[in-house]
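*Asks:* Quick one: the structure is below, and I'll ask about it shortly.
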Amino acid sequence: MNTTDLHEMLAEAEAQMLDPHELYNPALVGAGWRFNDGPLAVYDLDRVLAILAQDWGEDEAKDWYEFNMVGSWVGPGTPIFIQLLTPQGVQIP
């Protein structure tokens, strides 16, 4: 699946995506599903934090992410944030 196909699939499913899309597209890593909901936009947590940290420091970016992204339920279609495995193991923010 390419990025265009992913965006079309998510749009058709009325999945919520981070806005502005152009800013967060580098953090979009795929689609996910949960019980009775999906496809959903799936974002790489580390990439999202790096994008936010461009305008704020790391601590402010993490606080904003935790309150405004993870702490927000926007109904069915709410995005999923994942942390990818690294060679050293899972890094917990």
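*Asks:* Among the GluC sites (Glu not before Pro) within the chain, which fall in a DSSP loop and have no more than 14 other Cβ atoms within 10 Å of their own Cβ?
*Replies:* In loop regions of the chain (DSSP not H, G, I, E or B), the sparsely surrounded GluC sites (Glu not before Pro) are GLU14.
*Asks:* To the nearest 500 deg cm²/dmol, what mean residue ellipticity at 222 nm is calculated for the chain from DSSP H runs of n ≥ 4 alone, each contributing -39,500 (n - 2.57), summed and divided by the residues?
*Replies:* Only helices count here, giving -9000 deg cm²/dmol.
*Asks:* With each pseudo-label sitting 7 Å past Cα toward Cβ, what's the ASP63-HIS7 distance in nm, one decimal?
*Replies:* Label-label distance for ASP63 and HIS7, simple model: 3.4 nm.
*Asks:* If I model a spin label at TRP56 and ILE82 as a point 7 Å from the Cα along the Cα→Cβ vector, what separation in nanometres do I get?
*Replies:* Result for the modelled spin labels: 2.5 nm.
*Asks:* Okay, moving on. Assign unit charges at the C-beta atoms only (+1 for Lys and Arg, -1 for Asp and Glu), then state the dipole size of the chain relative to its Cα centre in Debye, rounded to the nearest 20.
*Replies:* Magnitude of the dipole: close to 280 debye.
*Asks:* Apply the Karplus parameterisation 6.51 cos²θ - 1.76 cosθ + 1.60, with θ equal to phi minus 60°, to every residue of segment 71-81 and state each ³J(HN,Hα) to the nearest whole Hz, in sequence, with x for glycine and proline.
*Replies:* x, 10, 10, 10, x, x, x, 4, x, 10, 10
*Asks:* Whole number in Å², please: accessible area per residue of the chain, 1.4 Å probe, ligands, DNA and RNA not counted.
*Replies:* Value for the chain: 66 Å² per residue.
The values are calculated or read from the model by the stated rules, or taken from the named source; none is laboratory data. Because the structure is a prediction, the values reported are computed rather than measured. Neighbour counts run over all protein chains shown; Cβ positions are idealised from the backbone, glycine included. Just so you know, the surface numbers come from the protein's heavy atoms only, side chains and all, with ligands and any DNA or RNA stripped out. Shrake-Rupley method; radii C 1.70, N 1.55, O 1.52, S 1.80 Å.
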